[in-house]
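Chemist: Following this message is one structure expressed as structure tokens.
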Amino acid sequence: MRGYSPAKELLQVLRNRYIHLDKKKTGRRIVNILLSLIIAVIVFFIIKETIAIVSLRMKMNAIKSNISNTKSVIDSLSKEENRLKYDTFYIEKIAREKFGMIKRGEKTYIFVNSKKRNFIQRIIENIKNH
């Protein structure tokens, strides 16, 4: 037998055994890598959806706040409308303060203030028109 030696045979057996073990390890590595990728993708989508949910909740809270503010504005405007329809003293007050109106035969005194120049001009024009 040419080239036969127990050392060569032992070496060949060890090589075959380690190659077989390397193939098993390689298969396990691939499975571990695939499982890691799957877990990473799942975690990514969970985080992404959680961020989306939090964002939507924040938007929903902002909209609820806006609705609440709008309701309070509607209530105050409704009260103002009722006062303007039925409260004669309030109507008179608004007519005098905002529009500078006066009753017939009533004397008015105007105190000149540089900040109220436009207001006074409106009152004077109103008096001239009556």
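Chemist: Pull up the cross-link candidates among the aspartates and glutamates for residue 107, meaning alpha carbon to alpha carbon under 19 Å and not fewer than 8 places away within one chain.
Modeler: In chain and number order, the partners are 92, 97, 125.
Chemist: Right, next: Within the set 64/98; 59/79; 98/128; 103/128, which residue pairs have Cα atoms separated by over 25 Å?
Modeler: From 64/98; 59/79; 98/128; 103/128, over 25 Å: 64/98; 59/79.
Chemist: Continuing with the same structure: Taking the Cα centre of the stretch 39-130 as origin, sum charge times position over the Cβ atoms of Lys and Arg (+1) and Asp and Glu (-1), and report the length of that vector in debye to the nearest 20.
Modeler: 400
Chemist: Same structure again: Could you compute the FRET efficiency for residue 85 and residue 59, with r as their C-beta to C-beta distance and R0 at 41 Å, rounded to 0.05?
Modeler: It comes out at approximately 0.60.
Chemist: Would you mind checking which residues have amide H under 5 Å from residue 100's amide H? H placed 1.01 Å from N; only 5 or more apart, or other chain.
Modeler: Those qualifying (amide H under 5 Å, at least 5 residues apart or on another chain) number zero.
No value in this document is a laboratory result; all are computed from the given coordinates. Computed from a predicted structure; not experimentally measured. When we count neighbours, we look across all protein chains shown, and the Cβ atoms used for this are built from the backbone with ideal geometry, even at glycine.
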